[in-house]
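Please read the structure below before turning to the comments.
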Amino acid sequence: MGTLRALLRKEFLQIARDRAMLRMLVALPLVQLLVLSSASTFEIRRASLYVVDEDRSGASRGLVERMAASGRFEVAGASVSMARADEALLDRRVPVILRIPLHFERALVRTGTAPVQLVFNAEDGAAAGVLRSYAGSILSTYSAELGRELRPTFQAVAGPDAPPTPGVPRIDVRTRAWFNPELNYHHYMVPGILVVLVTVVATTVGAMNIVREKEIGTLEQLNVTPVTKAQFIAAKLLPFWVIALADLSVGLLVGRLFFGIPVNGSLLLVFGAAAVYLLAALGIGLWISTVAETQQQAMFLSFALNMVYLLMSGLFTPIQSMPVWAQWVAQLSPVKHFIVVMRAVLVKGAGLADVTVPLLVLAAYGATVLTFAVRQYSKTTA
Amino acid sequence: MSPLRGFVLKEFRHILRDRQTLVILLLLPLAQVVLFGFALRTDVRGVRLLVVDPVPDAATLALRGRFEATDVFRVVRVLPTTDDLAGWFRRGEADQALVMGPRFAQTLARGEGAQVLVVTDATDPNTGSTMQAYAAAVVQGYERELRAARPGTPAPGVEIVPETRMRFNPTLESVNLFIPGLIALVLTVVSALMSAISLSREKERGTMEVLLVSPLRPWQIIVGKVLPYLALGFGNVLSVLGAAWLVFRVPFRGSVLLLLAECLLFIVTSLALGVLIAARTGSQRTAMMGALMGLMLPTTILSGMIFPISSMPAWLQPVTHLVPGKWFILISRGIMLKGVGLEHLWRETLVLAVMTLLLLVAAVRSFDVRLD
Amino acid sequence: MSAPVAVEAYELTRRFGDFTAVDAITFQVAEGEVFGFLGANGAGKTTAIRMLTGLLAPTSGRARVAGHDVYTETEEIKRSIGYMSQRFSLYEDLTARENIRLYGGIYGLTDAQVRARTAELLRRLGLEPYADAPVRSLPLGWKQKLAFSVAMIHEPRVVFLDEPTGGVDPITRRQFWEMIYDAAEGGTTVFVTTHYMDEAEYCDRVSIMVDGRIAALGTPRELKERFGVESMDEVFVRLARPEAGAEDAS
């Protein structure tokens, strides 16, 4: 016990004296959390819209008005020529063109349907998709409005407020968005970004830790003492575990204060899960450190791993959408499981029973990886 | 120029000797682009649907069938009640629930509004709203089907039908969206890491001082150290673009030569960034960690690779200008998807070039000052 | 050898692929001896010491340190020995006091013992004013003396010193050897490697390694007599370059 205490004291002292390291462990993740979380959203405000209105009727003008009034679009240009609109699109001055063809209103009155053209610059496919859904919902609202105006008879018979008429099938679809009804991106992204930030820092620092002592030579001095492998690994693990937990706590606080992230479940559960998770994440970093021979090797391994953590943990794109083999790879990432737990507990208010599976996976992970690290670390070279 | 040439040759030989690292540096970026190119998708698939159907009848079964017929939804369970519906969502075992109203077929036949409730796990707002829209569309499609089957039903109300055209990426292929970003991310981090490691190692070992008192000027030292990595970086570019073309069939509508040139420019920018980081940090360890942590997440999130820059808050937009990856993504998307040339991309290219110059000047200045 | 044996090796060998670094060395060191393990750089001294301290597994042969087998009882060996390596291996970013405290704790000293030992050590080395400065700021000679003291902190039976006096002035070297004598008088066996042949004079017995083998073993006086020379330096020259020796003799 005395040995472990002595080793821990040494580790904490060394960390405290290393200014650059402290900045990276504490300041950098927090700054990045603030900046990057602010950027992580798909909600586009006031997109520029180019209008080519060939009809110039009441209905077409009404449509353009609705688009502008929604707050989502801002008419940045108008012309009768598609060529000019195309130029604006190509030049990236506008991301979308609305073209209302000739006889738009007439078609609506006579047949009840009329097409309009929406041309998006899909260079930025994500933005295009988002704008399309905005436009789509504005169009359907406007359609319903026009319907009441132009086709009162039908509305009386088969519209949503019409009395039941046998022979006219009608399905009333209602929708509910649970857990995040305001569709707030920050609630979804901030916990995930926080997890990834802390993980990248913790595993990278952990990965370099033992290798550095190898390179300097102080490792040899420890190998000659009665320090056991388990004590050594524990002393390398615990300080960073404590720091990472502290990081996470401060990050959650920041998230709550600046982004209003929900805490619908038990914070105790979050911290408990974090404690288990960090053992796994740091354990992996330490294992890298015992395997690598130089700091450079450790850095590249750590980089490759962190890229997988970053991109395949369901943070940015849903795991469900990945090809099946990629989903299996994702399962190997402890970050993935912890993000699931964080989101479930914070946003969905999940309890211990709901997150048992990912927690067990994390625990198993941690145990395995730490065992490997202790095994791998040899005080005697064969 | 002879001392410079000798120095450059020595650096090349040095790198070629370290076989292990060389292999990693050549293969890792390629492996990453391929792996993530396949894995990163935004199309909504495999939605796990719960159906709450207390009294199944012909109509509810038919509606269920419509959902199963799509390749978007997958019915994972049919439940008799909505008890513990939240539990399913909390455990992450389902994404959406379709709740059928009472006496579905009857209400339908009588022309009363048959009730359908679509409950979506909207924790992820983006996927959530897409799933919601899809589900509503399936139900409405079923409604249309039923009406069309009955002659004499009055024609539906007014419908403005949007014809959508996605210019430059008609099918909104995920790969076309992500590949330019992935290339930017992987190239920038690897390049910066390489030059940061190389220079900080020299600094740490103390051999940098030896170099600085040699006839070589600081800028020559930097060029000499960076040149081999430029060659390596070019190898990376070729392999990664090759993968984009052969494996992912990303369009290459513009000039491939221009694209290669821009990639090279971008690599120089990243190498310069690494040099500056090495110049400003004290040890190899800090340089490496600084390069990794300073570049990985900011490039991913602020470059427009995943989140549209247009959706970012106003104060953040100027900040994104500082991310070299952002400019490269604009350039590469322009060349690959739009097929435009320098006449449309000169502004972005200029920005990258100026950034590179500034970074290199700053780096050289840092080395010029006496090493502390 | 009437005194008990502290370190013994029998045909101890270590190969790295095709290269034999230590070639079947055999020797015994009695308790309380100051044993000099000499040889040129690259002769195999460091490899031999690493095997004796349990850092490196031998390829073949036998050895026992403080009564424990180097193959099967490395942890027991580590409890009974002290070690000071070429690079001193004190933590440069910690202070002298913190280094002493660390190793004291590692070797199982109680807090009270550590406090007492720390005070004593600092006083004896004259490091009291610098006790709380980072070790990297200490001059080389003081670092060495500190490292030696730290290696002795748990009063081990055997202390291994690998090139402990590299790069310091003769006065500091002299002081260092006084510390070694003190340790030996206290009953500690001192196993010291060095490539400074004049330091060989200070040892009770020496062995000289050439290309992995022990070329000579005995007291300094015996060896000088055997080769008919005045100094250990010349003993070494005779052994390392026999042709040169032959030239001188004629």
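The order of B:191, A:313, A:79, going from fewest to most other C-beta atoms within 10 Å of their C-beta, is A:79, A:313, B:191. Per the Debye calculation on chain B with a single equal scatterer at every Cα and no solvent contribution, log₁₀ I(q)/I(0) for q = 0.06, 0.11 Å⁻¹ amounts to -0.37, -0.85.
If you wrap the protein assembly as shown in the convex hull of its Cα atoms and look at it from every side, the mean projected area works out to 48.9 nm². Compactness ratio for segment B:1-53: Cα radius of gyration over 2.2 N^0.38 Å (N = residue count) comes to 2.38. Please enumerate, by chain and number, the lysines with C-alpha under 18 Å from the C-alpha of residue B:326, excluding those fewer than 8 residues away in the same chain. Here the lysines satisfying the reach criterion relative to residue B:326 are B:338.
Max-minus-min Cα coordinates of segment C:106-250 on each principal axis give 63, 30, 24 Å, with the largest extent listed first.
Across segment A:36-52, computed HN-Hα scalar couplings (Karplus, 6.51 cos²θ - 1.76 cosθ + 1.60, θ = phi - 60°) run 5, 5, 4, 7, 8, 8, 10, 8, 8, 9, 6, 7, 6, 10, 9, 10, 10 Hz from first to last residue, x flagging Gly and Pro.
Taking the DSSP beta bridges with both ends in the protein assembly as shown, the antiparallel portion is around 35 percent. Sorted ascending by nearby beta carbons within 10 Å, beginning with the fewest, C:83, C:130 become C:130, C:83. When shorter helices are ignored and each DSSP H run of at least 4 residues is given -39500 (n - 2.57), the per-residue value for the protein assembly as shown at 222 nm works out to -18500 deg cm²/dmol.
Considering only Cα atoms, the convex hull volume of segment B:305-372 works out to 124 Å³ per residue. Direction-averaged projected area, Cα convex hull, segment A:47-150: 5.9 nm², rounded to one decimal.
Remark: C:161, A:279, A:268 ranked as A:268, A:279, C:161, counting other beta-carbon atoms within 10 Å and listing the fewest first.
Counts of other chain beta carbons within 10 angstrom of each beta carbon in peptide A:182-193 average 3. Sequentially through segment B:31-44, phi angles give Karplus couplings (6.51, -1.76, 1.60; θ = phi - 60°) of 4, 5, 4, 5, 4, 6, x, 6, 7, 7, 9, 10, 5, 7 Hz, Gly and Pro residues having no value and appearing as x. Computed from Cα atoms, the angle from the helix A:356-376 axis to the main principal axis of chain A rounds to 40 degrees. Under 18 Å of direct C-alpha separation, and excluding same-chain neighbours fewer than eight residues apart, residue C:78 reaches these lysines: A:229, A:379. Name the residue farthest towards the positive end of the dipole of segment C:5-240 from the options C:148, C:119, C:181, assuming +1 on Cβ of Lys and Arg, -1 on Cβ of Asp and Glu, about the Cα centre. Farthest towards the positive pole: C:119.
Normalised by the number of residues in chain C, the average gap of Cα pairs under 8 Å and 6 or more apart makes the relative contact order 25 percent.
For segment A:47-150, a crude dipole built from +1 on the beta carbon of Lys and Arg and -1 on the beta carbon of Asp and Glu, taken about the Cα centre, is about 200 debye to the nearest 20. Applying the Kirkwood pairwise sum to the alpha-carbon positions of segment B:83-210 produces a hydrodynamic radius of 20.9 angstrom.
Taking amide hydrogens as placed 1.01 Å from N in the peptide plane, the amide H of residue C:215 sits under 5 Å from those of C:208, C:209, C:210, each at least 5 positions away in sequence or on another chain. Placing one equal scatterer on every Cα of segment C:5-240 and applying the Debye formula, the log10 ratio I(q)/I(0) at q = 0.15 Å⁻¹ is -1.02. Cross-link reach is defined here as a Cα-Cα straight distance under 19 Å, omitting same-chain residues fewer than 8 places apart; for residue B:225 the aspartates and glutamates meeting it are B:11, B:18, B:202, B:204, B:209, B:368. Packing order of peptides B:176-184, B:339-347, highest average first: B:176-184, B:339-347 (average count of other Cβ atoms within 10 Å over each peptide's residues).
Projecting the Cα atoms of B:135, B:299, B:20 onto the charge dipole of the protein assembly as shown, computed from C-beta unit charges around the Cα centre, puts B:135 farthest toward the positive end.
On a 28 Å Cα-Cα criterion, which of the cross-link pairs B:203/C:145; A:214/C:143; A:214/B:203; A:10/A:214 come out too long? Flagged as over cut-off: B:203/C:145. Chain A has equivalent-ellipsoid semi-axes of 58, 23, 17 Å, by the square roots of 5 times the alpha carbon gyration tensor eigenvalues, sorted largest first. Look at the dipole of segment C:76-116 built from charges on Cβ: of C:90, C:107, C:77, the Cα furthest out on the positive end belongs to C:77.
With equal scatterers on the alpha carbons only and no solvent term, can you work out the Debye log10 of I(q)/I(0) for segment B:47-148 at 0.13, 0.14 1/Å? For the requested q values the scattering log ratios are -0.43, -0.50.
Residue by residue along A:128-138, Cβ atoms of other protein chains within 10 Å of the local Cβ number 4 on average. Distance distribution P(r), segment A:254-382, all Cα-Cα pairs, bin width 10 angstrom from 0: 12, 35, 34, 15, 3, 0 percent.
Note: relative contact order over chain A, using C-alpha pairs below 8 Å and six or more positions apart, is 18 percent.
Magnitude of the charge dipole for segment B:1-148, about its Cα centre and with charges confined to Cβ atoms of Lys, Arg (+1) and Asp, Glu (-1), is about 840 debye. A cut-off of 5 Å between modelled amide H atoms, ignoring neighbours fewer than 5 places along the same chain, links residue B:79 with B:51, B:52, B:53.
For residue A:53, the residues whose amide H sits under 5 Å from its own are A:79, A:100, ignoring neighbours fewer than 5 places away on the same chain, with H placed 1.01 Å from N. Our coupling estimate for segment B:313-320, obtained by passing each phi through the Karplus curve with A = 6.51, B = -1.76, C = 1.60 and θ = phi - 60°, is x, 4, 5, 7, 4, x, 4, 5 Hz, Gly and Pro reported as x.
Averaged over the residues of peptide A:27-35, the number of Cβ atoms from other protein chains lying within 10 Å of each residue's Cβ is 2.
A protection proxy built from the mean count of other Cβ atoms within 10 Å ranks the segments A:14-23, B:356-365, A:181-190, most packed first, as A:181-190, B:356-365, A:14-23.
Every read-out reported here was derived from the displayed coordinates using simple, explicitly stated rules and does not represent laboratory data. Just so it is clear, the model here is predicted, and its values are computed rather than measured. Glycine gets a Cβ as well: all are built from the backbone with ideal geometry, and neighbour counts include every protein chain shown.
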